[in-house]
Amino acid sequence: MTNPPSDEPKKRIKSNQTYLAAQIEAPASASKLALIKRFLRAIGRQQQLDSGSFLERYAIPGGAMWPIEPGTQLKEDWLSGFERRMSALKTAYAKRKTFYQQAYKDHVNWEFTEQELTEIVTFLESSAGRHYIDGRWRMEAYTDSNTEDVEQAIVAEALASFAT
């Protein structure tokens, strides 16, 4: 027996189609603000906003605070140099933390309806949602590591095609 037709296929979008933002300009209600906070916690962004850890890319060797020219040696210990730079970044960030927090709240409010947030947060806080969040970063990290050589070969081949 086949399943009865449903409207579900009509609701699907094409894989290359982008959902439009809800573009909500009105301030979030108290219930939507609570969902926004849960959403930011569930996706791990709240922890990054609280700690300033999203700024790490600037503190690593080769980052904006630690430029390294090819062929040069590090002049300080990697770990203590990183920690020193992160400390400076966190001090500078502390003055702007409220701005970042508000920017994220405003954008999530603008992007999603309250109903969408309810559905998203319900999923993200479920065991399947937690697995998705944890599995996604692992998938990206492992896949990126496992395909790094292939990607370099693709770039090299593409660059070589410019020579002809």
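The values are calculated or read from the model by the stated rules, or taken from the named source; none is laboratory data. These figures come from a predicted structure and were not determined experimentally. For neighbour counting, all protein chains shown are included, and Cβ atoms are generated from backbone atoms with ideal geometry for every residue, glycine included. Areas reflect the complete protein model, heavy atoms only, side chains present, ligands, DNA and RNA absent. Shrake-Rupley method; radii C 1.70, N 1.55, O 1.52, S 1.80 Å.
On the principal axes of its alpha carbon atoms, segment 42-124 extends 54, 26, 17 Å, with the longest extent given first. In the context of the full set of protein chains, the chain has a per residue accessible area of 77 Å² (1.4 Å probe). Simple spin-label estimate for GLU76 and ALA94 gives 1.9 nm between the two label positions (7 Å along the Cα-to-Cβ direction from each Cα). Overall, the accessible surface of the chain at a probe of 1.4 angstrom is composed of carbon and sulfur to the extent of 57 percent.
When MET86, MET65 are compared by accessible surface with a 1.4 Å probe, the order from highest to lowest is MET65, MET86. Tell me the angle of helix 30-42 to the major Cα principal axis of the chain, expressed in degrees between 0 and 90 and rounded to the nearest ten. Taking Cα atoms only, the helix is inclined about 50 degrees. For PHE39, the solvent-accessible surface with a 1.4 Å probe is about 20 Å², rounded to the nearest 10. Compared with the dominant principal axis of the Cα atoms in the chain, helix 97-111 is inclined by about 40°.
Between ARG57 and MET139, the modelled labels are 2.1 nm apart [label points 7 Å from Cα along Cα→Cβ]. Going by alpha carbons, how many degrees (0 to 90, nearest 10) lie between the helix axis of 114-125 and the longest principal axis of the chain? Helix 114-125 sits roughly 60 degrees off the main axis of the chain.
With all pairs of different C-alpha atoms in the average, the Kirkwood value for the hydrodynamic radius of the chain is 20.3 Å.
Database remark: amide H of ILE68 closer than 5 angstrom to the amide H of GLY62 (H placed geometrically; neighbours at sequence offset of 5 or more, or on other chains; Pro and chain starts carry no H).
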